[in-house]
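The values are calculated or read from the model by the stated rules, or taken from the named source; none is laboratory data. Since the structure is predicted, the reported quantities are computational estimates derived from the model, not experimental observations. Here the Cβ is made from the backbone with ideal geometry for all residues, glycine too, and neighbour counts use every protein chain on show. For the accessible areas, the whole protein counts, side chains as well, though only heavy atoms, and no ligand, DNA or RNA atoms are used. Shrake-Rupley method; radii C 1.70, N 1.55, O 1.52, S 1.80 Å.
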Amino acid sequence: MSSRILSRYRYIVSAIYFILLILPAPITAGEHPIIQLKDFEQTEVKGAGFVLPAETQIHIRGLGCGSDKGLKFSGTSMGAYGWIINADTREEVWVMTMANTHREKDDRSCDVQISLPRGSYEVYYAAYAFFSSSTFFSHTINIDRRGDSTVSEKTRKPGFFAWLEDLFNGDVQKEWRSHAKQWGIEILVSDQSAQVSTFDPPKHFSHVLFQTIRMGENEHVRQGFTISKPMEIRIYALGEQTRGNDPVDYGWIIDSKSRKRIWDMSDNTLSHAGGDEKNVKFDGTVTFQPGDYILYYTTDDSHSFVDWNAAPPSDPYNYGVTLIASTESDRSAFALATPKEDQNIIVQLVRVGNDETRTASFRLKKDARIHIYAIGERGNSRRQMADYGWIVNSKTRDKVWTMDIDRTEHAGGAEKNRMIDEIITLPKGTYSVYYQTDDSHAYDDWTAAPPFDQDHYGITVSLEDEKPDPSIIEQNVTPVEEGIIAQIVQVGNNANLTRSFHISKPTHVRIYAIGEGEGHEMFDYGWIENLSEHNIVWEMSYAMTFHAGGARKNRMVKSTLLLDKGEYLLHYKSDDSHSYNNWNDDPPDDPSMWGITIYEEK
């Protein structure tokens, strides 16, 4: 055979081979497709449902991508693949893996037959990542189709693909598009099989009470509901939690009256939800007593229904939370309601920015139950708060409530976001509410993922009562401290201040002083001088002080003293740094009282 004829023969063979490659795979004689999910250039996840009236042999053909090099996704090493779940149990029955696929050029091909019992099923296909490689490198690209339709927010920058293309010596974007158009999955059954029907997934749960699903990024749900009789509710919830860390996409339910958590997505209640190992789910029954409740669900800024940055869960369309009644008759005992967090507000210091200290006071005319809802930031030491609130009795200056880190819970977003949602009882009296922040990570200027409820960053104090009586509260009051004999407060730097006072008869006095001290030495402090005898009768020493909140050098003393009849001079002295409204470290819990006050002790 001449070389010209041989060359022409090789050309014809090559052309036929190319045509066979781009044509759809032929359907085997005697079977027909029931589901085809194709072309993932514009869509990340597609799904379809089918009902088998009897046990049936199904033929699965799929084309996707996978890699055992570079980044290996937990749960699967496939970046584009399909799977099947039981529509009633929501459990996986088959998944396309590296083991049941074979390499077909740069893709992975699957061609298997399995037998499924009678029932309803849902087939899904996800193309969330692309594996690209050169002679020396391999790279995994998360595909985010929102806008650029190329890569994730993390990598969607001018010149990103240009950098990859220089690295891999090719057009990576064009390469991905060509593969994504061919990816997909096909389900076929024999022509002799019983009639198979199809439906749009997900299959609806029976007796749904409330559902919020297909949750995206930075979404926050707060839904109240009321139950009029004891009942069991099935909770089906999907979310995200990385190993050893707090959950980031998750839900919980609290009792509106006690503020106690009735249910949450915590470690010991969760199971793997398929796909990447950070996909978790709760599927169980919780008993509720008659009462008012609030359901919360929150997501962070990545890995959600709008864009998966790792393998999605097996039931992606139900990402979120669903409440399901046991019977249809139970539905009448359940009703949606408006949450009460923003009702009957006494003091609200929210949307607090960096380096702020805010305060407001109120008066209770009788004992009352108070609801406190506060969100803040845990400090670097993990044993103290950096942004937090507290409440002080305006008369005694005693702290009656504080945002102790041990009582806080994760507030969504970064692990350091903490929250308290509780009820306390306060006796009749006047109170001052404080909230302070450090120099970073506060409202509208987050250094990490913000909490789920950004608008309530700070503290909200409300009257907690089924039938609240607003007449028992005076808001925005100016605390009038009774029994003050002499006072020097709100002292600045380099001060040396005095106040004279007279004692007409022997009197027990209470001394309240805040200053700065370290290493057993005081730098901002006060003392009392008896002018008649020209001697110091009391002085604020480091040994008598204790921590005043904030920086460790903030020191406080509460002491009592018997003063004889006579003339006295109250002193307070400060150095050149760290004083009222001029702090070089965290301020104390009662900053406006920086200085010294003498009260008559009755």
Going by the alpha-carbon gyration tensor, a ≥ b ≥ c the square roots of its eigenvalues, is the range 223-375 rounded (a/c under 1.5) or, if a/c is not under 1.5, prolate (a/b greater than b/c) versus oblate?
-> oblate
Relative contact order in percent for the chain (Cα pairs under 8 Å, 6+ apart) equals 11
Once phi is turned into θ = phi - 60°, what whole-Hz ³J(HN,Hα) does the Karplus curve with 6.51, -1.76 and 1.60 give for every residue of the range 422-438, x standing for Gly and Pro?
-> 8, 10, 10, 10, 10, x, 3, x, 10, 9, 10, 9, 10, 8, 9, 10, 8
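Net charge near Gly119: determine it from the other residues with C-beta under 15 Å of the C-beta of Gly119, scoring Lys and Arg +1 and Asp and Glu -1. Let's see the in-between values first.
Working: positive: Arg90, Arg118, Lys203; negative: Glu55, Asp88, Glu91, Glu92, Glu122.
It works out to a net charge of -2.
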Non-local residues with an amide H under 5 Å from the amide H of Glu219, with H modelled 1.01 Å from N and Pro and chain starts lacking one, are Thr299
Go through the range 251-262 residue by residue and turn each phi into a ³J(HN,Hα) via Karplus (6.51, -1.76, 1.60, θ = phi - 60°); whole Hz please, and just put x for glycine and proline.
-> x, 7, 10, 10, 7, 4, 7, 8, 6, 7, 6, 8
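Compute the length gained on full extension between Asp367 and Asp406: take 0.36 nm times their separation in residues and subtract their Cα-Cα distance, giving the result in nm to one decimal. Write down the numbers at each step before the final one.
Values: separation 39, 0.36 × 39 = 14.04 nm, distance 2.66 nm.
My answer for the length gained is 11.4 nm.
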Enumerate the amide H contacts of Trp538 below 5 Å, restricted to partners 5 or more residues apart or on another chain; note that Pro and chain-start residues carry no placed amide H.
-> Ile528
How big is D for the range 474-597, in µm² s⁻¹ as a whole number, if Stokes-Einstein is applied with the Kirkwood radius of its Cα pairs at 10 °C and 1.306 mPa s?
-> 106
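Please give the per residue volume of the convex hull enclosing the alpha carbon atoms of the chain, rounded to a whole number of Å³. Walk me through the intermediate numbers first.
Numbers: hull volume 114.0 nm³, N = 602.
Taking only Cα atoms, the chain has a hull volume of 189 Å³ per residue.
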Among 93-106, 54-67, 298-311, what's the highest-first ranking by average C-beta atoms within 10 angstrom per residue?
-> 298-311, 54-67, 93-106
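Over the chain, what percent of the accessible surface lies on carbon and sulfur atoms, probe 1.4 Å? Walk me through the intermediate numbers first.
On the way: 13470 of 28420 Å².
Here it works out to 47 percent.
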List, in order, the whole-Hz ³J(HN,Hα) value for each residue of the range 173-186 obtained from phi through the Karplus relation with A = 6.51, B = -1.76, C = 1.60 and θ = phi - 60°; use x for Gly and Pro.
-> 4, 5, 4, 4, 4, 5, 6, 4, 5, 8, 5, x, 9, 9
Work out the charge dipole of the chain with +1 on the Cβ of Lys and Arg and -1 on the Cβ of Asp and Glu about the Cα centre, then indicate which of Ile187, Pro468, Ala374 is farthest towards its positive end.
-> Ile187
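Can you check what the net charge comes to around Ser532, using other residues whose Cβ is under 15 Å from the Cβ of Ser532 (Lys, Arg +1; Asp, Glu -1)? Mind showing how you got there, number by number?
Working: positive: Lys505, Lys565; negative: Glu529, Glu533, Asp564, Glu567.
Cβ neighbours under 15 Å give a net charge of -2.
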When the charge dipole of the range 519-594 is computed with +1 on Lys and Arg Cβ and -1 on Asp and Glu Cβ about the Cα centre, the Cα farthest towards its positive end, among Tyr568, Ala543, Asn530, belongs to Ala543
Averaged per residue, what accessible surface does the range 317-395 expose to a 1.4 Å probe, in Å²?
-> 43
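Would you mind classifying the range 186-239 by shape? Square roots of the alpha carbon gyration tensor eigenvalues, ordered a ≥ b ≥ c; an a/c under 1.5 is rounded, otherwise it is prolate if a/b is larger than b/c and oblate if not.
Values: a/c = 4.43, a/b = 1.93, b/c = 2.30.
The shape class here is oblate.
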Under a Cβ-Cβ cut-off of 12 Å, what is the net charge of the residues other than Arg363 that fall near it, where Lys and Arg count +1 and Asp and Glu count -1?
-> +3
If amide H atoms are built 1.01 Å from N in the plane of the peptide, which residues on other chains or at least 5 residues away come under 5 Å of the amide H of Arg418?
-> Gly376, Glu377, Arg378, Ala411
Is the range 395-539 rounded, prolate or oblate when judged by the Cα gyration tensor, a ≥ b ≥ c being the square roots of its eigenvalues, rounded requiring a/c under 1.5 and prolate requiring a/b larger than b/c?
-> oblate
Report, in debye and to the nearest 20, how large the dipole of the chain comes out about its Cα centre when Lys and Arg carry +1 and Asp and Glu carry -1 on their Cβ.
-> 1040
Which whole-number percent gives the relative contact order of the range 438-564, counting Cα pairs below 8 Å spaced six or more residues apart?
-> 20
Rg(Cα) of the range 186-300 divided by 2.2 N^0.38 Å?
-> 1.33
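How large is Rg over Rh for the range 318-424, taking Rg from the Cα atoms and Rh as the Kirkwood inverse mean of 1/r across Cα pairs? Provide the component values of the computation, followed by the final result.
On the way: Rg = 18.3 Å, Rh = 17.1 Å.
My calculation puts Rg/Rh at 1.07.
Provide the FRET efficiency to the nearest 0.05 for the Gln490-Leu561 pair, computing r from the beta carbons and using R0 = 22 Å. The partial results should precede the final answer.
Numbers: r = 23 Å, r/R0 = 1.05.
Given R0 = 22 Å and the Cβ-Cβ separation, E is 0.45.
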